[in-house]
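See below for the structure under consideration.
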Amino acid sequence: MSREVVIGLEVHAELSTKSKIFCGCTTEFGGEANTHVCPVCSGMPGVLPKLNRTVVEYAVKLGLVLGCSITRNGKFDRKNYFYPDLPKAYQVSQLYTPICRDGQIEIWTGGQKKPIGIREIHMEEDAGKLIHGPGDSGTFMDFNRCGVPLLEIVSQPDFRSGDEVIACLEQLREILLYLDICDCKMQEGSLRTDVNLSIRQPGGELGVRTEMKNLNSFKAIRRAIEYETERQINILERGGEIMQETRRWDDEKGESCGMRSKENAHDYRYFPEPDLLPIEISDAWLTGIKENLPELAHQKRQRYIRDYGLSEKEASVLTGHKNISGLFEDISEQSGEPTEAAHMVTGSIMYLMNSRAMLPEELRADGSKLAVLISFVLSGKINRNTYKEAIEAVFTKDADPETYIAEKGLFMSSDDKTITGIVTEVLADHAAAAADYHSGREKAFGFLMGQVMKKLGGAGNPAMAEKKLRELLGG
Amino acid sequence: MLSGITALELSALIKAGKMSVSEVVNTYLTLLEGLKNKNNTFLAVSGGNALVRAKDIERKINSGETLSPLAGVPIALKDNISTKELGTTCASKMLNGYLPVYNATVVERLDQAGMIIIGKLNMDEFAMGGSSETGAFGPVFNPWDISRVAGGSSGGSAAAVAGGEVPAALGSDTGGSIRQPCSFCGVTGIKPTYGAVSRYGLIAYASSLDQIGPIGRDINDCAALLSVISGPDEKDSTCIMEKPFCFHNTDAERLDGIKIGLPRNYLDGGIDQEVKNRVLEAAKELESAGAVFEEFEMPMMDYIVEAYYIIAGAEASSNLSRYDGLKYGYRSEKAKNLSEMYRLSRSEGFGLEVKRRIMLGSFVLSSGYYDAYYKKALQIRTLIKDTYDSLFQRFDMILSPVAPTAAYKLGANIDDPMKMYMGDIYTVSVNLAGLPAVSLPCGFDKKALPVGFQLIGDTFSEEKLINTARVYQCRTDYHKRVPEGGAAI
């Protein structure tokens, strides 16, 4: 019997606002336990939340980019459950009026474009963390993360494979980074994905689904999907039934195990949060957000191809990460040479990054220094070898281009007098070779040229040297 | 010599140099020491700190600094208002020994006004109750008859002012918790418009209904106190007032042109005959001052109390979830694991009435019941708001009884929650609609127990209510009576 896997995603993106969603505490990752807390985010009796408007703006930004309808009059709801990492014993979230609904994200898999439906995006606060002490020293609470703003992005069950899921997450990550609303560091938990998966006959009714949690990398997501697909198909092939449950992925063991079944599911007793006013998004506010939307990767790609005449491939490489396109645009703008800048970034810079296994988020190169190198090479002050070497020096040591090249003596001797002197010397020293040349042996020219360049010490402008040599040889 | 003195009279003595702030504070602290909390009104008294603060205010006054009209006057707070220097228990075993790490906004405002907090006052546990009997530290006794309740939930606040233990107090009103104890104890109180006073630091019972308000010997004290505590607060986004109240004493003696509605059906049926008579006499008094009365029928009487208990319970069930034994407050020592810690700490830490309301609230929010109960209650709430909106098209204000009876005997209703809840019939709709109301003494029944009435106004019409109350108190002296055996300073 043919089976089809049906997958939906719930993605939690921690927003990179300076302060938390309902108080002024910093959202910075890390920090000594319970140092980024105040009475509000630690849920002391009598405190009240105060909404950080930037959170609303970030949510609207993402909603607009994903083509969602924006809820103009919304509110927050309380989700009630007991757990030690949740100091108020309720999470302020949105059930009844999510801020964004009915959007779409386009993904490419196997050369095919496919739209994935976005059911909703809602705002909520993150919970704290439990730290299990060594041995039986106990469990400790760290409330630093309490109240860090989250967007929960809920997709429609439109995925049919792990590849599609990964393609979508990569696309979403690109958007979040370009919008500059989430740093997407999966290892720090700022982008977390839960996978809902079920099996059905193609086109048939949806099967019973399981929800998988604790997926901390794209690799883990892919493996977990494979594992769960196989597990469910095995059960079904044996005539068994899938139990609706939440499962926890163990990446080390490469397997998942049940956390809680539907019968034990929480009744969250959602109701409207009475401590906050309704969220009203005025026309002016919405327009302001729309007008300030940054250019996204696919828009940049089109622009690079159209305006700079770059190839599709170059444009793709350049827009693969916000930091890369940022560096490219920086160099391009400062040098006024987009084509040369594109070659530098897709060539030398990518090579240097790859050889160091550097992640795009770690890229910190000085665009203005790199732009200077472009002007040097194009004006003939340095040759291509020096150019490459200097790019590396700027990239690795943030060297000053002028000083670096001067100290190494790599500026090309391009003044006529120096070159004339050297060519004259070489011709005097190698009169035999000159004679060979005159008798029609072209090979001799190569030898003489080599001698000239050698005397110029690697800083010679080959084009000028060649011209002078031919001139003095009378050729 | 200071028996029945008002806060403003006291501050006049201070200003005139007849008493220093230290003398005033000392007098009250000595008085409280002598009384040995006989009415069980105080849960904590601030001795040393209050005296240090008195000295500080004294210096400021002497150096000519302009403080509020209430500078130097002692005040005490219902024990659900967070104070950094005094434990805040909500009269619950759950929070016994809990010391807040921050001050409520109203506490900061009182400080800025130069008032001196001398203690924390008894109440119903987490403000849930109408008799100040549900607290973990024993009931409050009514100073007019110590065999009777003081009303609730701000019973300690009303009884302390009535008994002369403190010149003024703050209470909180979620369903009548300022107005009803004021009525039972013969003192004056204001339940402000929802959003007039910051709730930051008020330990929540029902967030969409709670409001802090003043309790005093007369309307002028309450008005002065409300000016101090009202106004916007960046820590409370539901506090929507743009600037604090500033009331002008009009010295008006007449109420010509004021139209007052009288809900006919509040005055037949379950109301005590003598309470009804006193309330009608109050209406007559206002009528003779020029106000025009018209009767009307208050709709939805069968649903008001139910809607209130569903909404308040729902919010309470969530608000009180944070008391889980983990971070502060009571933790059961018997617990062997996490779920036991939750269950036992909450079972042992909360009293019966609190648990009843948490269970009720959890039930009405449960999946499958939300639409049938909670959503319906919200719809009724909207209808009540609409009803009041149209009433205030016709009337400047509404006059009504506060409670169906005067203070009843301790223990009389404690085992009959439905009877207790029905005692809130005249007060809860005001909270559901977010309206302001003042509670004023209007005489005594045959047992010499005080009776009060309330004036209910449209949102942010406090000034109108206060001016009307002032005219009433100029023409009557019920608010000046003090109970025998009350604290005579």
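Find the strands (runs of 3 or more DSSP E) located wholly in region B:388-489 whose residues include 2 or more that are under 30 Å from residue B:34 (Cβ atoms), and list them.
In region B:388-489, the matching strands (runs of 3 or more DSSP E) lie at B:437-444, B:450-457.
Would you say residue B:358 is touching a Phe, Trp or Tyr at 6+ places or on another chain (Cβ under 8 Å), part of a helix (DSSP H, G or I) and open to solvent by less than 70 Å² (accessible area, probe 1.4 Å)?
Yes: the conditions hold for residue B:358.
If I filter region B:64-121 down to residues being surrounded by fewer than 21 Cβ atoms within 10 Å (Cβ to Cβ) and of a type in the set (Lys, Arg), which single residue comes out as farthest from the other protein chains (Cβ to nearest Cβ)?
Among those that are surrounded by fewer than 21 Cβ atoms within 10 Å (Cβ to Cβ) and of a type in the set (Lys, Arg), it is B:93.
Picking from A:191, A:130, which residue would you name as being within 21 Å of residue A:58 (Cα to Cα) and of a type outside the set (D, E, K, R)?
A:191 is the lone residue from the list that is within 21 Å of residue A:58 (Cα to Cα) and of a type outside the set (D, E, K, R).
Of all residues in region A:173-203, count the ones that are open to solvent by less than 30 Å² (accessible area, probe 1.4 Å) and either assigned to a loop (DSSP other than H, G, I, E, B) or under 30 Å from residue A:262 (Cα atoms) (or both).
The total comes to 14.
Only one of these conditions is not met by residue B:195: (1) in contact (Cβ under 8 Å) with a residue 12 or more places away in the chain; (2) surrounded by fewer than 21 Cβ atoms within 10 Å (Cβ to Cβ); (3) under 24 Å from residue B:291 (Cβ atoms). Which number is it?
Of (1) in contact (Cβ under 8 Å) with a residue 12 or more places away in the chain; (2) surrounded by fewer than 21 Cβ atoms within 10 Å (Cβ to Cβ); (3) under 24 Å from residue B:291 (Cβ atoms), only one is false for residue B:195: (3).
Among the numbered conditions (1) open to solvent by 70 Å² or more (accessible area, probe 1.4 Å); (2) over 23 Å from the mean Cα position of the chain (by Cα); (3) more than 30 Å from residue B:237 (Cα to Cα); (4) more than 14 Å from chain B (Cβ to nearest Cβ), tell me where residue A:283 comes up short.
(3)
Would region B:378-399 turn up any residue that is closer than 23 Å to residue A:91 by Cα and either within 14 Å of another protein chain (Cβ to nearest Cβ) or in contact with a Cys (Cβ under 7 Å, 6 or more places away or on another chain) (or both)?
So far as region B:378-399 goes, yes, one or more of its residues are closer than 23 Å to residue A:91 by Cα and either within 14 Å of another protein chain (Cβ to nearest Cβ) or in contact with a Cys (Cβ under 7 Å, 6 or more places away or on another chain) (or both).
So, in region A:3-16, of the ones that are in contact with a strand residue (DSSP E or B) (Cβ under 6 Å, 6 or more places away or on another chain) and assigned to a loop (DSSP other than H, G, I, E, B), which residue ends up nearest to residue A:50 (Cα to Cα)?
Once the filter is applied, the top-ranked residue is A:15.
Among the residues of region B:261-272, is any within 14 Å of chain A (Cβ to nearest Cβ), open to solvent by 80 Å² or more (accessible area, probe 1.4 Å) and either touching a Leu at 6+ places or on another chain (Cβ under 6 Å) or not in a helix (DSSP H, G or I) (or both)?
No, because not a single residue in region B:261-272 is within 14 Å of chain A (Cβ to nearest Cβ), open to solvent by 80 Å² or more (accessible area, probe 1.4 Å) and either touching a Leu at 6+ places or on another chain (Cβ under 6 Å) or not in a helix (DSSP H, G or I) (or both).
Give region A:42-78 a look and list any residue that's open to solvent by 10 Å² or more (accessible area, probe 1.4 Å), within 14 Å of chain B (Cβ to nearest Cβ) and farther than 17 Å from residue A:277 by Cα, or say none.
Selection gives A:42, A:44.
Please verify whether region B:235-251 includes one or more residues that are of a type in the set (Gly, Ala, Ser), open to solvent by less than 10 Å² (accessible area, probe 1.4 Å) and in a loop (DSSP other than H, G, I, E, B).
Checked against the condition, which is being of a type in the set (Gly, Ala, Ser), open to solvent by less than 10 Å² (accessible area, probe 1.4 Å) and in a loop (DSSP other than H, G, I, E, B), region B:235-251 yields no hits at all.
Could we say that residue B:226 is among the aliphatic types (A, V, I, L, M) and not in a helix (DSSP H, G or I) here?
no
Check residue B:53 against each of (1) charged (D, E, K, R); (2) under 30 Å from residue A:40 (Cβ atoms); (3) surrounded by fewer than 15 Cβ atoms within 10 Å (Cβ to Cβ) and name the one condition it does not meet.
Only one criterion is unmet by residue B:53, namely (3).
For the condition within 32 Å of the chain's Cα centre (by Cα), under 17 Å from residue A:149 (Cα atoms) and in a strand (DSSP E or B), what is the one hit in A:61, A:79?
A:79
Looking at (1) under 18 Å from residue A:79 (Cβ atoms); (2) open to solvent by less than 20 Å² (accessible area, probe 1.4 Å); (3) not in a strand (DSSP E or B), find the lone condition where residue A:144 falls short.
Only one criterion in (1) under 18 Å from residue A:79 (Cβ atoms); (2) open to solvent by less than 20 Å² (accessible area, probe 1.4 Å); (3) not in a strand (DSSP E or B) is unmet by residue A:144, namely (1).
Return the pairs, sorted by first residue and then second, in which the second residue is among the acidic types (Asp, Glu) and in a strand (DSSP E or B), the first residue lies in region A:169-194 and is outside the structural domain of residue A:152 (by TED's automatic domain parsing) and free of Cβ contacts under 8 Å to residues at least 24 places away in the same chain, the beta carbons are less than 6 Å apart, and the residues are 6+ apart or on different chains.
Matching pairs, first to second residue: none at all.
Note down all Cβ pairs under 7 Å where the first residue falls in region B:356-376 and is within 11 Å of chain A (Cβ to nearest Cβ), the second is buried (at least 22 other Cβ atoms within 10 Å of the Cβ) and part of a loop (DSSP other than H, G, I, E, B), and they're at least six residues apart or on different chains.
Every condition considered, the pairs that remain are B:362/A:269; B:365/A:269; B:366/A:269.
May I ask you to verify whether residue A:1 is surrounded by fewer than 21 Cβ atoms within 10 Å (Cβ to Cβ) and either more than 30 Å from residue A:106 (Cα to Cα) or modelled with pLDDT of 95 or more (or both)?
Yes, satisfied.
State which residue is least open to solvent (accessible area, probe 1.4 Å) when the search covers only region B:338-353 and only residues that are of a type in the set (D, E, K, R) and more than 14 Å from chain A (Cβ to nearest Cβ).
B:353
If I filter region A:409-416 for residues that are over 23 Å from residue A:346 (Cβ atoms), open to solvent by 20 Å² or more (accessible area, probe 1.4 Å), in contact with a strand residue (DSSP E or B) (Cβ under 9 Å, 6 or more places away or on another chain) and hydroxyl-bearing (Ser, Thr, Tyr), do I get at least one hit?
Within region A:409-416, one or more residues are over 23 Å from residue A:346 (Cβ atoms), open to solvent by 20 Å² or more (accessible area, probe 1.4 Å), in contact with a strand residue (DSSP E or B) (Cβ under 9 Å, 6 or more places away or on another chain) and hydroxyl-bearing (Ser, Thr, Tyr).
Answer yes or no: is there a residue in region B:146-154 that is under 24 Å from residue B:14 (Cβ atoms) and open to solvent by less than 20 Å² (accessible area, probe 1.4 Å).
Among the residues of region B:146-154, not one is under 24 Å from residue B:14 (Cβ atoms) and open to solvent by less than 20 Å² (accessible area, probe 1.4 Å), which makes the answer no.
The values are calculated or read from the model by the stated rules, or taken from the named source; none is laboratory data. The shown structure was predicted, so the numbers you read here are calculated from the model rather than taken from an experiment. Cβ coordinates were reconstructed from backbone atoms using ideal geometry, including for glycine residues, and neighbour counts include every protein chain displayed. Ligands, DNA and RNA are excluded from the accessible area calculation, which covers all protein heavy atoms including side chains. Shrake-Rupley method; radii C 1.70, N 1.55, O 1.52, S 1.80 Å.
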